[in-house]
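Engineer: The structure is given below, and queries will be raised subsequently.
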Amino acid sequence: MRYFVFIFISLFLFSCEETPKILQCMECNGIGAVEVECFRCDGYGVLRCGLCGGNGRVTCGECNGNGGFKCTLCWGTGRFGECMYCLGTGYNSPTSSSPSNCIFCNGTGRGKCYHCNCRGYKLCQVCKGDRVVVCNQCDGYGKLRCEECEGEGKVKKECPECNGSGRKIFK
Ligand SMILES: [Zn+2]
Ligand SMILES: [Zn+2]
Ligand SMILES: [Zn+2]
Ligand SMILES: [Zn+2]
Ligand SMILES: [Zn+2]
Ligand SMILES: [Zn+2]
């Protein structure tokens with residue numbers, strides 16, 4: 001019985017000599033995966049926002065980038081109705097022999113447009129006249145976190161040395 005066991009063990013040892021050696025893969029330290037630069041963001045971890053082209057601002061959609069709207073009451077002239085000082089004549093003293101232009105309406109005879117405060121346009125309430133608004137896709141950063149690497153800039157990939165097994169076989 002003891003002899004039989006001895007043979008068995010020696011057979012086992014002998015067969016071990018024949019078995020190829022399995023070693024931990026040096027490339028990935030046995031993990032089976034290696035970190036490589038993210039191919040989508042070139043390792044930056046962020047991507048340029050496509051909506052604003054990296055500016056963080058986009059043209060205001062409300063006013064189409066005009067910053068405001070032409071006043072519909074005075075059609076952009078800034079003047080509306082009759083000048084209350086010259087009663088629409090344009091002259092400060094109609095009865096005078098040498099009338100001069102009314103200083104309140106510059107001789108136009110037209111009153112001030114109360115709707116637009118004489119500006120001729122109404123400021124866009126969305127962009128407050130800036131013509132641009134903060135990009136809502138990137139919140140004004142101009143950059144977006146890379147989803148591929150979750151902002152890490154690196155992605156794990158199956159180790160090419162050991163095909164992801166973490167071990168290398170030496171024959
Ligand atoms: Zn490996
Ligand atoms: Zn006037
Ligand atoms: Zn107006
Ligand atoms: Zn606007
Ligand atoms: Zn953006
Ligand atoms: Zn990435």
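Engineer: Distance between Cα centroids, segment 110-138 to segment 46-79: provide it in whole Å.
Structural biologist: 9
Engineer: May I pose another question? For Ile22 and Glu158, what is the calculated FRET efficiency with R₀ set at 25 Å and r taken between the beta-carbons, to the nearest 0.05? Walk me through the intermediate numbers first.
Structural biologist: On the way: r = 18 Å, r/R0 = 0.73.
Calculated value: 0.85.
Engineer: If the cut-off is a Cα-Cα distance under 13 Å, which aspartates and glutamates reach Lys157, setting aside same-chain residues fewer than 8 apart in sequence?
Structural biologist: Within the straight-line limit of under 13 Å, Lys157 reaches these aspartates and glutamates: Glu27, Glu35, Glu37, Glu148.
Engineer: May I ask you to derive the FRET efficiency for Val132 and Ile169 from their Cβ-Cβ distance with R0 = 45 Å, giving the value to the nearest 0.05? If you can, show how the numbers build up before the last one.
Structural biologist: Working: r = 61 Å, r/R0 = 1.36.
Efficiency, from the Cβ-Cβ distance: 0.15.
Engineer: Evaluate 2.2 N^0.38 Å with N set to the residue count of segment 45-171, then give the Cα radius of gyration divided by it.
Structural biologist: Working it through for segment 45-171, the quotient is 2.28.
Engineer: With n ≥ 4 as the cut-off for DSSP H runs, can you work out [θ] at 222 nm for the chain, using -39500 (n - 2.57) per run divided by the number of residues, rounded to the nearest 500?
Structural biologist: Calculated mean residue ellipticity at 222 nm is -3500 deg cm²/dmol.
Engineer: So what are the ³J(HN,Hα) numbers for segment 57-73, from phi and the Karplus equation (6.51, -1.76, 1.60; θ = phi - 60°), rounded to whole Hz, Gly and Pro as x?
Structural biologist: Result, rounded to whole Hz: 10, 10, 4, 5, x, 5, 10, 6, x, 7, x, x, 10, 5, 5, 7, 7.
Engineer: Moving on to the next point. Residue by residue through segment 153-161, what is 3J(HN,Hα) from phi via Karplus (6.51 cos²θ - 1.76 cosθ + 1.60, θ = phi - 60°)? Round to whole Hz and write x for glycine and proline.
Structural biologist: Karplus values, whole Hz, x for Gly and Pro: x, 10, 10, 7, 9, 4, 4, x, 5.
Engineer: What list of ³J(HN,Hα) couplings, whole Hz, do you get for segment 108-125 from phi and the Karplus terms 6.51, -1.76, 1.60, once you set θ to phi - 60° and write x for glycine and proline?
Structural biologist: Once rounded to whole Hz, the list reads 7, x, 9, x, 7, 7, 6, 5, 10, 6, 6, 6, x, 8, 9, 5, 5, 6.
Engineer: Can you tell me the 0 to 90 degree angle between the C-alpha axis of helix 2-18 and the longest principal axis of the chain, rounded to 10?
Structural biologist: So the inclination is approximately 50 degrees.
Engineer: Something else now. Of Gly30, Val46, Asn117, which is farthest towards the positive pole of the chain's charge dipole, taken about the Cα centre with +1 and -1 on the beta-carbons of Lys, Arg and Asp, Glu respectively?
Structural biologist: Asn117
Engineer: Under a cut-off of 20 Å between alpha-carbon atoms, report the aspartates and glutamates in cross-link reach of Lys122, not counting same-chain residues fewer than 8 places apart.
Structural biologist: Result set, ordered by chain and number: Glu62, Asp130.
Engineer: Determine the gain in length on full extension of the stretch Asn55-Met84; use 0.36 nm per residue of separation and subtract their C-alpha separation, reporting nm with one decimal.
Structural biologist: 5.6 nm is the gain from fully extending Asn55 to Met84.
Engineer: Straight-line reach from Lys21: which lysines have Cα under 17 Å away, leaving out those fewer than 8 places along the same chain?
Structural biologist: Lys168, Lys171
Engineer: Can you list residues from other chains, or at least 5 along the same chain, whose modelled amide H is less than 5 Å from the amide H of Lys143?
Structural biologist: Excluding prolines and chain starts, which carry no amide H, the hits are Cys49.
Values quoted throughout were computed directly from the atomic coordinates according to the rules given, and no laboratory measurement underlies them. Since this is a predicted model, take the numbers as computed values, not measurements. Cβ sites come from the backbone with ideal geometry, for glycine too, and all protein chains shown count toward neighbours.
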